[in-house]
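Here is the structure we will look at.
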Amino acid sequence: MFRPAYFIALSLLLSPVTGFAGGTPDVHSPAFTAVPELTAGFDLLYEQKFAEAREAFLSWESRNPEDPFGEVAVAASYLFEELYLQGVLTSDFFLNENKFLHGIDGRPDPERMGHFRKALAQAGQLARERQKANPKDGEALFALTLAAGMESDAESILQKKHMSALKRMKEANEYAKRLLAQHPDAVDAYIAPGIANYIIGSQSTGNRFTLWFGGIHGDKKLGMEQLAKTAENGLYLKPFAKILLAFAARREKQDRLAQKLLRGLTEQYPSNELFASEYAKASGIPQD
């Protein structure tokens, strides 16, 4: 039975303001212009200061209550925290085939997951309201892309509901395709198809054939190229894409790429001991 280890992806997300609907995007939208308050919030996530990050997101959301990305960012803060506490965001997890294919040992924190799902539900409701006015609304598609990706991560990695996770992954991929067809410069969205392509491409030949027959394709090389787009030019998910790409590089024996990415993260976030530890592992530096 196919049991993907699904993507951590997802998701850590963003929070835009007023729409980049079907035409020219709003230059004030956070999807296209880095908003200092949101950037600071995501930096706090990468520094493992989860409560402080949520405060920043909630503060921004209180002034932008109709934008779905406030809730997406809040959901991301809960998911990222749980993934960190469960040891998912490490090379030990990614390089362990059993964990990579089957998920964590044990169960996630029910209270934290309850907050996560509540934020996802609110984000989805806000996104669908925007789509009533414009089915091609870019911010709605972005929120739905990242929300579906995060839900897939949670169901596969944390709750081990793999078939349900597969459905959410397909949804995220479809939303991303629609968004990027309209707005290819929404670079953070490439993380969804990037993760999907890499994870599915890492499956056995039999599993890949089953997924291909079900309409899902996988390509590890393409997946890494898509992750690289976010790692190079993303607004809020750039560091997160670097984490994922570094671990993929380690799986593919591309040690120099992994070292470069992890060294950069260590320099950017010196207070995050996890990045320093992973850089040392990738570089073969003995640790105490």
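The values are calculated or read from the model by the stated rules, or taken from the named source; none is laboratory data. Bear in mind that the values here come from a model prediction, so they are computed numbers and not experimental data. Cβ coordinates were reconstructed from backbone atoms using ideal geometry, including for glycine residues, and neighbour counts include every protein chain displayed. These area figures cover heavy atoms from the full protein model, side chains too; ligands, DNA and RNA do not enter into them. Shrake-Rupley method; radii C 1.70, N 1.55, O 1.52, S 1.80 Å.
Run the simple label-point estimate for residue 167 and residue 131 please: 7 Å along Cα→C-beta, distance reported in nm.
Here the answer is 1.5 nm between the modelled labels.
Stokes-Einstein diffusion coefficient for segment 82-189 at 10 °C in a medium of 1.306 mPa s, Rh from the Kirkwood formula over Cα pairs: what value in µm²/s? Intermediate results must be reported in sequence, preceding the final value.
Working: Rh = 14.9 Å.
Roughly 106 µm²/s, to the nearest whole number.
Counting only other residues whose beta carbon sits under 14 Å from that of residue 59, what net charge do I get with K and R as +1, D and E as -1?
Numbers: positive: 54, 63; negative: 37, 52, 55, 61, 67, 71.
Local charge sum for residue 59: -4.
Counting Lys and Arg as +1 and Asp and Glu as -1, what is the net charge of the other residues whose Cβ lies under 12 Å from the Cβ of residue 150? Let's see the in-between values first.
Values: positive: 117, 168; negative: 71, 82, 151, 153, 155, 171.
Neighbourhood net charge equals -4.
Under a plain spin-label model, where a point goes 7 Å from the Cα along Cα-to-Cβ, how far apart in nm are residue 283 and residue 253?
2.4 nm
Keeping all protein chains in place and using 1.4 angstrom, which order do 163, 150 fall into by accessible surface area, from largest down?
Numbers: 163 95, 150 0 Å².
So the residues, ranked largest to smallest area, are 163, 150.
Using a cut-off of 24 Å between alpha-carbon atoms, which lysines can reach residue 170, once sequence neighbours fewer than 8 places away in the same chain are excluded?
Excluding near neighbours in sequence, the set is 99, 118, 132, 136, 160, 161, 220, 221, 229, 238, 242.
Roughly how many Å² of residue 170 are accessible to a 1.4 Å probe, to the nearest 10?
Number for this one is 80 Å².
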